[in-house]
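S.K.: Pasting a structure below so you can have a look.
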Ligand SMILES: NC(=O)c1ccc[n+]([C@@H]2O[C@H](COP(=O)([O-])OP(=O)(O)OC[C@H]3O[C@@H](n4cnc5c(N)ncnc54)[C@H](OP(=O)(O)O)[C@@H]3O)[C@@H](O)[C@H]2O)c1
């Protein structure tokens, strides 16, 4: 495919790229997949629910996106061989890979470390930490073939996650920061940029499982953070170089009125 003209490059900064969105039918994954497609990328949608992947595929096609691809995979059960197959399929079917965004996350709800079921501990640590690493590891040879490639791990507020009851979600997100630091150092002389991407609170199923008493209308939709994530994938001379990049919301999402009467004297 010919390189996009400069004017198109401004509108479609990901025009010549293939981006793998992991957890593509989640709250943030879906809006990010749509934003990457609007930015011109070929998007590979990875998730564990085929009907939801199909629905998103149809929505992207209806939006006029470049033909997306679907890759059903459950990160809880996937093995290193499965990730090797993913990488070879991407190479065969797409011919390249320019970026991975890890949006999948396992979080069953708040629980003390002492009382959380051991299965939840193992699954949380695996899906949030080990699986993203195994997937990235398998895809690194493909990413290294590009002049500029990007791996983004969605992280969560470490200060918040240092308090009680965040369980394996909290521990795995802390460990992810260590993975990001070490991997960045090891890839410092490679074309692969590695970042932790930190959004603010987003109105998604995951947030609802922790903050069940809050008014969801007061929390921004995940759409607010998609553009910042696309620009992190795009890179370029002005791109942030920090290990953790706080995603700036595109627009303030004004809290929805609560419908309470206003009293005045
Ligand atoms: N929401 C927030 O306020 C917030 C704040 C800071 C950081 N983050 C981070 O942002 C990222 C996206 O979170 P979100 O809020 O969009 O959460 P979400 O709506 O719950 O989406 C998470 C996605 O991960 C998928 N997933 C879970 N286990 C999986 C597995 N074994 N295999 C494949 N996919 C699996 C879920 O699939 P199912 O739909 O099948 O369950 C879902 O699609 C996460 O890394 C989260 O830690 C979120």
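S.K.: Calculate, in nm to one decimal, what residue 133 and residue 215 gain on full extension: separation in residues at 0.36 nm each, minus their alpha carbon distance.
M.R.: 26.1 nm
S.K.: Also, quick follow-up: What FRET efficiency comes out for the pair residue 148/residue 54, r = Cβ-Cβ distance, R0 = 45 Å, nearest 0.05?
M.R.: Using R0 = 45 Å, I get an efficiency of 0.90.
S.K.: Taking each pair of different alpha-carbon atoms in the stretch 14-246 once, compute 1/r for the pair, average those values, and report the inverse of that mean as the Kirkwood hydrodynamic radius in Å to one decimal.
M.R.: 17.9 Å
S.K.: Now for a different question. Determine, from the Cβ-Cβ distance of residue 93 and residue 11 and an R0 of 30 Å, the FRET efficiency 1/(1 + (r/R0)^6), rounded to the nearest 0.05.
M.R.: My answer for the efficiency is 0.70.
S.K.: What is the packing order of peptides 222-232, 189-199, 24-34, 86-96, taking the mean over residues of other C-beta atoms within 10 Å and listing the highest first?
M.R.: Going by the mean number of other Cβ atoms within 10 Å, highest first, we get 24-34, 222-232, 189-199, 86-96.
S.K.: Counting other beta carbons within 10 Å of each residue's own, what order do 166, 133 fall into, fewest first?
M.R.: Going from sparsest to densest Cβ surroundings: 133, 166.
S.K.: Then there's this: Got the relative contact order for the stretch 14-246 handy, in percent, Cα pairs under 8 Å and 6 or more residues apart?
M.R.: 21 percent
S.K.: Could you work out how much longer the chain between residue 63 and residue 162 gets when fully extended? Use 0.36 nm per residue separation minus the Cα distance between them, nm to one decimal.
M.R.: Length difference between fully extended and current span is 31.6 nm.
S.K.: Restricting to bridges with both residues inside the chain, how much of the DSSP beta-bridge set is antiparallel, in percent to the nearest 5?
M.R.: Antiparallel bridges: around 0 percent, rounded to the nearest 5.
S.K.: If you don't mind, there's one more thing I want to ask. Counting only helical runs of four or more DSSP H residues, what would the 222 nm mean residue ellipticity of the chain come to if each run contributes -39,500 (n - 2.57) and the total is spread over all its residues?
M.R.: Only helices count here, giving -12000 deg cm²/dmol.
S.K.: A further question on this structure: With N set to the residue count of the stretch 64-130, report its C-alpha Rg divided by 2.2 N^0.38 Å to two decimal places.
M.R.: 1.45
S.K.: Please report the base-10 log of the normalised intensity I(q)/I(0) for the stretch 163-252, using a Debye sum with one equal scatterer per alpha carbon and no solvent, at each q in 0.12, 0.17, 0.19 (1/Å).
M.R.: -0.48, -0.88, -1.02
Readers should treat all values here as calculations from the given coordinates under stated rules, not as data from a laboratory. As the structure is a prediction and not an experimental result, all values here were calculated from the model. In this analysis, Cβ positions are derived from the backbone assuming ideal geometry, glycine residues included, and neighbour counts consider all displayed protein chains.
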